[in-house]
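Single-structure report; data block below.
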Amino acid sequence: MARLDVLIVGAGFAGLYMLHRARRAGLSAHVLEKGGGVGGTWYWNRYPGARCDVESMSYSFSFSEELQQEWTWSHRYATQPEILAYANHVADRFDLRRDITFGTSVTAASWNEKELCWEVETAGGGRRQARFLVMATGCLSVPKLPDLPGLATYEGRVLHTASWPREGVDFTGHRVGIIGTGSSGIQSIPLIAKQAGHLTVFQRTPNFSIPAWNAPIPPEREREMKRRYADLRAKSRASYAGDYADEGYVTILDLGEKEREEAFEKRWREGGFNYQYAFSDIMVSEEANRLAAEFVHNKIREIVHDPKTAEKLCPKDHPIGAKRLCVDTDYYETYNRPNVSLVDLREEPVTGFTAQGLRTAKAEYSFDTLVLATGFDAMTGALTAIDIRGSEGRLLRDAWKDGPAAYLGLAIAGFPNLFAITGPGSPSVFANMVLAIEQHVEWLGNLLEHAKRHGIARIEAEETSQAEWVRRVTEGADRTLFPKANSWYVGANVPGKPRIFMPFADGFCVYERICNDIAAAGYEGFRLSHVEEHAA
Ligand code: N01
């Protein structure tokens, strides 16, 4: 079996760029992808309304000036088909497909200490060997089913937003039930409601959602932005969120009541994450956060005609922003439609399913299709789903039984030559994901080039550096209000998952500086060994 330099798992944005970067470093590289095409998240999440919540001019690769100049985004926030078309364009433009095997799930990977390589197994019995293994498996790629009793009793169609049928679904005239009101639910509910005969939304916890005010990008704005692309990208790199929007330039508690309302209104009108990132104190001061949340509650009460429904939609159990903000088109307005009803599962918990629908403590509901918008085993699920065995045969699942630990969110002590792109402990989902991916891939590409130049065969994170990093990530989050929500950031959505704050919350720019300093200091915190050192 020919041994590769780099084997990459996943052909989403991370896998595509990693393949390109590895080739540029003169390394042999190959990608294994479970799906039938490139795109990762954007390949699987085809539910109605799926689109990005970071502006497309920002949520796109910056590594190639030609690419960013030639591609045209139609809207401020592109739809899933457009983002998928972009991923396909990237794959073709950089001739990536010849090194990707589709329809291939990685089931196991073991470190061979003698040969200094990873041995990888795929479903169906395929085997590969590679010196370095890069997990580009995504942060939100393992769909989670709801922990509800008796789902199998239901005889209608069940769909999960994250594994949506490729051919699409026609809901015309159907009675549809949907469980889940996170980003996926909030994006799909308005569109399903437009088609369905009746839509029943089963909500356990309401979420904060800010309007996207999505619209086509006027050609003159596109030209102007492309002319300034280098500056915009540099601004994103120097930012907290990895985006070019202005950040932290208003302090809520410095404003009087009238100014404050105007400030909230302005950011509501701008839409999307501006509502969170414009304010310096929203995620550190409970009072500032309460005021920002109250403004959104009042917006919900203004938009939704029925006061009882409006009240049910107002999130009150977590600080605004502590669960990822949702960005919507007509979400709250949808509850004014006569064919939409909201069931509050806190008032009437699900007690079981019937052949036609579900039963709560108060009533029985029937529908032809049940949509599960119930999220993901986030950040670690795709890694622990594979039997990854490091030094001395230790399973990653066991190493992480008390919570994930990874140095810089990139490398794991005891698992030499294994790297995770946007793994737990890196900014990942706290940043514009495409930029977070680019930064990791570039940093790792440089490390692999360094290894090649210096004959380094084994790279492993030191246990002490890793422990120190995990402590730093936790302390950074603890200075904010983020850990105060039962979010997927802390694994709270998966029963039994250890509660640990997973993303690096001190900011993308801070993180990138640390990574660069570590590289400049000769990859501090990593043990780099030559073959002969290893043999000795
Ligand atoms: O998943 P979620 P998501 N009974 O975990 C409910 C990204 N994303 O797929 O909060 C009843 O946020 C659950 O209720 P509760 C984005 O980063 C981005 O929507 O646990 N309800 C919750 O309402 C996002 O944050 C975009 O009480 C149950 C929902 O299911 C992340 O993906 C679009 C339940 C899950 O919400 C995840 O979003 C989509 C049960 N047993 C996603 N179990 C963009 O815009 C779960 N729920 C780019």
(request) Just read off the accessible area of residue 122 with the full protein assembly in place, 1.4 Å probe, to the nearest 10 Å². (result) 20 Å²
(request) Run through every distinct alpha carbon pair of the range 163-215 and return the Kirkwood hydrodynamic radius in angstroms, one decimal place. (result) 12.2 Å
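Suppose every K and R has +1 on its Cβ and every D and E has -1 on its Cβ; what is the size of the dipole of the chain about the Cα centre, in Debye to the nearest 20? Walk me through the intermediate numbers first.
Numbers: 61 positive and 69 negative charges, 185 e Å.
The calculated dipole for the chain is roughly 880 debye.
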(message) Accessible area of the chain with a 1.4 Å probe: how many percent of it is carbon plus sulfur?
(response) 50 percent
(request) Could you work out the per residue convex hull volume over the alpha carbons of the range 67-154, in cubic angstrom? (result) 210 Å³
(message) Let me cross-check residue 71: its accessible surface, 1.4 Å probe, with only protein heavy atoms counted, in Å² to the nearest 10?
(response) 40 Å²
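Which value in deg cm²/dmol, rounded to the nearest 500, describes the helix-derived mean residue ellipticity at 222 nm for the chain, given -39,500 (n - 2.57) per DSSP H run of n ≥ 4 and division by the residue count? Mind showing how you got there, number by number?
Details: 18 runs with 178 residues, N = 536.
Taking each H run of at least 4 residues, the total per residue is -9500 deg cm²/dmol.
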(request) Filter the GluC sites (Glu not before Pro) in the range 135-232 down to the DSSP loop ones having no more than 12 other Cβ atoms within 10 Å, then list what survives. (result) 155, 167
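For the pairs 34/323; 258/299; 194/316; 316/497; 226/266, flag any whose C-alpha to C-alpha distance is greater than 19 Å.
From 34/323; 258/299; 194/316; 316/497; 226/266, over 19 Å: 34/323; 194/316; 316/497; 226/266.
Could you rank 305, 297, 530 by how accessible they are, 1.4 Å probe, largest area first? Could the numbers behind the result be given before it?
Values: 305 140, 297 25, 530 55 Å².
Greatest to least solvent exposure: 305, 530, 297.
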(message) Under the rule a/c < 1.5 gives rounded, and otherwise a/b versus b/c splits prolate from oblate, where does the range 19-76 land using the Cα gyration tensor?
(response) oblate
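Just to confirm a number: summing +1 for Lys and Arg and -1 for Asp and Glu over residues other than residue 494 whose beta-carbon lies under 13 angstrom from that of residue 494, what do you get?
Numbers: positive: 144, 497, 499; negative: 147, 377.
Around residue 494, the surrounding residues sum to +1.
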(message) Can you give me the angle between helix 257-270 and the longest principal axis of the chain, using Cα atoms only, in degrees from 0 to 90, rounded to the nearest 10?
(response) 70 degrees
(request) Would you mind working out the magnitude of the charge dipole of the range 113-209 relative to its Cα centre, with +1 at each Lys and Arg C-beta and -1 at each Asp and Glu C-beta, to the nearest 20 Debye? (result) 180 debye
(message) Would you work out the Kirkwood radius for the range 189-261? I mean one over the mean of 1/r across all pairs of different Cα atoms, in Å.
(response) 17.1 Å
(request) Using Cα pairs closer than 8 Å and at least 6 residues apart in sequence, work out the relative contact order for the chain, in percent. (result) 19 percent
(request) Return one whole number: the accessible area per residue of the chain in Å², for a 1.4 Å probe. (result) 40 Å²
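Would you mind calculating the relative contact order of the range 297-361 from Cα pairs under 8 angstrom and at least 6 residues apart, reporting the percent as a whole number?
Numbers: 41 pairs, mean separation 15.8, N = 65.
Result for the range 297-361 is 24 percent.
What percent does the relative contact order of the range 13-145 come to when contacts are Cα pairs within less than 8 Å and at least six residues apart?
28 percent
Taking every eigenvalue of the Cα gyration tensor of the range 379-441, multiplying by 5 and rooting it, what semi-axes result, largest first, whole Å?
Each semi-axis is the square root of five times an eigenvalue, giving 22, 12, 9 Å.
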(request) Work out, in µm²/s and without decimals, the Stokes-Einstein translational diffusion coefficient of the range 1-160 at 20 °C, 1.002 mPa s, Rh from Kirkwood over C-alpha pairs. (result) 123 µm²/s
(request) With only Lys, Arg, Asp and Glu charged, each at its Cβ (+1 for the first two, -1 for the last two), find how big the charge dipole of the range 376-470 is about the Cα centre; round to the nearest 20 debye. (result) 220 debye
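Compute the convex hull volume of the Cα atoms of the chain, divide it by the residue count, and report the result per residue in Å³ as a whole number.
On the way: hull volume 81.0 nm³, N = 536.
Convex hull of Cα atoms, per residue: 151 Å³.
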(message) Tell me which of 135, 210, 249 sits at the most positive position along the dipole axis of the range 128-250, charges placed on C-beta atoms (Lys, Arg +1; Asp, Glu -1).
(response) 135
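Kindly sort 194, 323 by accessible area of their heavy atoms, largest first, with the probe set to 1.4 Å. Could you put the intermediate results ahead of the total?
Values: 194 130, 323 40 Å².
Order by accessible area, largest first: 194, 323.
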(message) Using only the alpha-carbon atoms, how far is helix 286-303 inclined from the longest principal axis of the chain? Give it as 0 to 90 degrees, nearest 10.
(response) 50 degrees
(message) Could you sort the peptides 362-368, 380-386, 100-106, 137-143 by per-residue average Cβ neighbour count (10 Å cutoff), highest mean leading?
(response) 137-143, 380-386, 100-106, 362-368
(message) Could you tell me which residue out of 515, 486, 474 lies farthest along the dipole of the range 423-536 toward its positive end? Charges go on the beta carbon: Lys and Arg +1, Asp and Glu -1, centred on the Cα centre.
(response) 486
(request) With 10 Å bins from zero, work out the P(r) of the range 198-335 over every alpha carbon pair and list the percent per bin. (result) 11, 36, 32, 17, 3
(message) For the chain, take the longest principal axis of its alpha carbons; what is the angle in degrees between that and the long axis of helix 80-93, to the nearest 10 within 0 to 90?
(response) 20 degrees
(message) From the protein chains alone at 1.4 Å, what is the descending order of accessible area for 524, 475, largest first?
(response) 524, 475
(message) Within 13 Å, Cβ to Cβ, of residue 94, how many net charges do the neighbouring residues add up to if Lys/Arg are +1 and Asp/Glu are -1?
(response) +1
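Is the shape of the range 265-414 best called rounded, prolate or oblate, per the rule: a/c under 1.5 gives rounded, else a/b larger than b/c gives prolate, else oblate, with a ≥ b ≥ c the square roots of the Cα gyration tensor eigenvalues? Intermediate results must be reported in sequence, preceding the final value.
Values: a/c = 2.75, a/b = 1.33, b/c = 2.08.
It is oblate, given that a/c is not under 1.5 and a/b is not larger than b/c.
In whole Å, what three semi-axes, largest first, describe the equivalent ellipsoid of the range 370-525 built from its Cα gyration tensor (square root of 5 times each eigenvalue)? The partial results should precede the final answer.
Numbers: eigenvalues 132, 70, 43 Å².
So the equivalent ellipsoid measures 26, 19, 15 Å along its semi-axes.
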(request) Can you check what the net charge comes to around residue 104, using other residues whose Cβ is under 10 Å from the Cβ of residue 104 (Lys, Arg +1; Asp, Glu -1)? (result) +1
(message) With a 1.4 Å probe and all protein chains kept in place, how much accessible area does residue 514 have, in Å² rounded to the nearest 10?
(response) 30 Å²
(message) With unit charges on the beta carbons (Lys and Arg positive, Asp and Glu negative) and the dipole taken about the Cα centre of the range 1-123, which residue among 101, 19, 7 sits farthest to the positive side?
(response) 101
(message) Along each principal axis of its Cα atoms, how long is the range 329-460 end to end? Whole angstroms, biggest number first, please.
(response) 68, 36, 24
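The values are calculated or read from the model by the stated rules, or taken from the named source; none is laboratory data. Everything quoted here is computed from the prediction, not taken from an experiment. FYI the Cβ positions are ideal-geometry reconstructions off the backbone, even for glycines, and counts take in every protein chain you see. Areas reflect the complete protein model, heavy atoms only, side chains present, ligands, DNA and RNA absent. Shrake-Rupley method; radii C 1.70, N 1.55, O 1.52, S 1.80 Å.
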